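K.L.:
Submitted below is the structure of interest, expressed as structure tokens.
The values are calculated or read from the model by the stated rules, or taken from the named source; none is laboratory data. Keep in mind the model is a prediction, meaning the values are calculated, not measured. When we count neighbours, we look across all protein chains shown, and the Cβ atoms used for this are built from the backbone with ideal geometry, even at glycine.
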Amino acid sequence: MSSGQSELQGMNTWTVPWLAPEPGELSSQEAPDYDADPADIAAFRRDGVVFLKGAFADWVEPLRRGLERNLADPQAFAFPCESTAEGEAGRFFDSYCNWPRISEYRDYVARSCAAAMAGRFMGASRAQLFHEHAFVKEPGTQRATPWHQDLPYYCVDGSQTVSIYVSLDAAPAEVAVAFAAGSHRWGKLFYPRVFLDGADFNTEDPGLAPVPDIAANPAEYDLRAWDLEPGDTILFDFRTLHGTGDGEVRQRRRAFSTRWLGDDVRYCERPGETSPPYPDIGLKPGDPMREDWFPVLWRRMETDGDKP
């Protein structure tokens, strides 16, 4: 993709190259380890989602600063997306693949315990950064985040995956992200959906099915949502269904997610566009993801023994 592109192609608004010029090396030596509670790991693997109170409280202010620059000049960064219609109240904004360009994002992925946390919850020998994703819903927004899984959007497949979602503002459970516990174990993948209107895409993929209407039948699912404070963190499997209702957001709701890959994750090709798109990745289906684009930021030490 070339600098200055602004053409909308499916899910992705092309602006600047997602890889900044000479982003430099990120070292797995910079990040601290994470002492995971075995009970939390067991809950994550059973339910596909787990809540960790205040896990990244120290990173709230730096991530807010980075996100404000992202918001102030969206076209200067990769893949800005507006998911509120013209004339609609509020604002639902997201942007991704900006860790090489926004120093606070880069510091978080390199120097926080997120990589170690990801590796330990995935049960992997290493944690490889896929991308980051920042979100904002401004006061007055009533645009639901459609129920979806992350995995069908992506050019990867595998079972060792985790998204680490950090809340940057307080949010009551009724407008926070909700999760269908156990849906990562259904053995099903569902059509990805456009956030603006909830429309399915990549429907030509025979391995995908329509997302069930969870909002219309909430009693049929084990739904989990939490009242969130800044720094509260939710870990979830790429296959776990999640979404929000369309209740009015009464105070600003910002969040920052990082997506992580474990040992068994491999490149795959999907019939349609992926989000993020990697058209020049140069991989064949079944190849491991390239480490120059997707750095490995944590490796399990031989001295770990039976440590989760």
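K.L.:
Please work out which one of (1) over 19 Å from the mean Cα position of the chain (by Cα); (2) under 28 Å from residue 99 (Cα atoms); (3) among the β-branched types (Val, Ile, Thr); (4) outside any loop (DSSP other than H, G, I, E, B) is the condition residue 303 fails and give its number.
P.N.:
That leaves (2) as the condition not met.
K.L.:
Starting from segment 196-217, keep only residues that are over 19 Å from residue 135 (Cβ atoms), then list their pairs with residues that are exposed (fewer than 11 other Cβ atoms within 10 Å of the Cβ) whose Cβ atoms are within a distance under 8 Å, requiring at least 6 positions of separation or different chains.
P.N.:
These pairs meet every condition: 200/210.
K.L.:
Residues that are touching a Phe, Trp or Tyr at 6+ places or on another chain (Cβ under 9 Å), touching a residue at least 12 places away in the same chain (Cβ under 8 Å), part of a loop (DSSP other than H, G, I, E, B) and surrounded by 20 or more Cβ atoms within 10 Å (Cβ to Cβ): does segment 261-268 have at least one?
P.N.:
For segment 261-268, residues touching a Phe, Trp or Tyr at 6+ places or on another chain (Cβ under 9 Å), touching a residue at least 12 places away in the same chain (Cβ under 8 Å), part of a loop (DSSP other than H, G, I, E, B) and surrounded by 20 or more Cβ atoms within 10 Å (Cβ to Cβ): present.
K.L.:
How many of the residues making up segment 47-78 are at pLDDT below 95 and assigned to a strand (DSSP E or B)?
P.N.:
0
K.L.:
Moving on. Can you confirm whether segment 249-258 contains a residue that is surrounded by 15 or more Cβ atoms within 10 Å (Cβ to Cβ), under 27 Å from residue 116 (Cβ atoms) and out of contact with any Asp or Glu (no Cβ under 9 Å at 6 or more places or on another chain)?
P.N.:
Checked against the condition, which is being surrounded by 15 or more Cβ atoms within 10 Å (Cβ to Cβ), under 27 Å from residue 116 (Cβ atoms) and out of contact with any Asp or Glu (no Cβ under 9 Å at 6 or more places or on another chain), segment 249-258 yields no hits at all.
Okay, residues lined up against (1) touching a Pro at 6+ places or on another chain (Cβ under 6 Å); (2) crowded, with 20+ Cβ neighbours inside 10 Å:
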position	(1), (2)
147	no, yes
152	yes, yes
161	no, yes
180	no, yes
184	no, yes
188	no, no
200	no, no
205	yes, no
214	no, no
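K.L.:
Right, next: Which residue, of 162, 177, 166, is farther than 28 Å from residue 281 by Cα and in contact with a helix residue (DSSP H, G or I) (Cβ under 8 Å, 6 or more places away or on another chain)?
P.N.:
Testing whether each residue is farther than 28 Å from residue 281 by Cα and in contact with a helix residue (DSSP H, G or I) (Cβ under 8 Å, 6 or more places away or on another chain) leaves just 166.
K.L.:
Which condition from (1) in contact with a Cys (Cβ under 6 Å, 6 or more places away or on another chain); (2) part of a strand (DSSP E or B) is the one that residue 285 breaks?
P.N.:
(2)
K.L.:
For segment 101-120, indicate whether the set of residues that are among the aromatic types (Phe, Trp, Tyr), at pLDDT 95 or above and more than 23 Å from residue 31 (Cβ to Cβ) is non-empty. Walk me through it before giving the result.
P.N.:
Within segment 101-120, the first condition is being among the aromatic types (Phe, Trp, Tyr), and the residues that meet it are 105, 108.
Narrowing further to those that are at pLDDT 95 or above: 105, 108.
With more than 23 Å from residue 31 (Cβ to Cβ) added as a condition, the list becomes none.
The answer is no, given that none of the residues of segment 101-120 is among the aromatic types (Phe, Trp, Tyr), at pLDDT 95 or above and more than 23 Å from residue 31 (Cβ to Cβ).
K.L.:
Cβ-Cβ below 6 Å, separation at least six or inter-chain, first residue in segment 11-22 and within 13 Å of residue 278 (Cα to Cα), second among the hydrophobic types (A, V, I, L, M, F, W, C) and modelled with pLDDT under 70: which pairs?
P.N.:
14/1; 17/1
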